[in-house]
Amino acid sequence: MKMVMAIVQDKDANKLGSEFVKHEIQATRTATSGGFLRSGNTTFLVGVEDERVEEVLDIIRTTAHARKQFMTPAASLDLSMEATSAMPLEVQIGGATVFIQNIEQFHQF
């Protein structure tokens with residue numbers, strides 16, 4: 001048995017959750033936030049048998065899409081203590097970050 005943890009952008013969370021339901025994959029969904037852009041994410045925890053891991057990964061791969069977004073870095077003070085304004089940067093967001101762990105035991109009470 002494996003634990004698949006998938007962190008996806010909120011924009012993809014509802015569709016991914018629906019796909020899990022459609023494929024009869026049970027998942028726990030939690031609201032999380034990213035540290036870099038401080039934007040909303042959703043983390044799915046999916047406990048699956050080893051033979052279904054690729055199916056879960058395929059669903060995530062086809063549902064969670066990367067996007068480009070402009071962000072303005074926080075104003076910083078240089079050594080002269082003057083505030084500098086930064087130009088907006090184009091960054092890639094979204095997609096999915098997935099961790100897979102072995103599960104030694106599983107109990108349901």
**Magnitude of the charge dipole, the range 1-56, Cβ model with Lys/Arg +1 and Asp/Glu -1, debye to 20** = 380
**Mean Cα-pair separation over length for the range 1-63, i.e. relative contact order, pairs under 8 Å, 6 or more apart, %** = 46
**Message:** Once you place label points 7 Å from the Cα toward the Cβ at ASP58 and SER33, how far apart are they in nm?
**Reply:** 3.7
**Asked** Using modelled backbone amide H atoms (1.01 Å from N, in-plane), which distant-in-sequence or interchain residues come within less than 5 Å of HIS65's amide H?
**Response** GLY95
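Just so you know, all these numbers are worked out from the coordinates, no wet-lab data involved. Just so it is clear, the model here is predicted, and its values are computed rather than measured. Glycine gets a Cβ as well: all are built from the backbone with ideal geometry, and neighbour counts include every protein chain shown.
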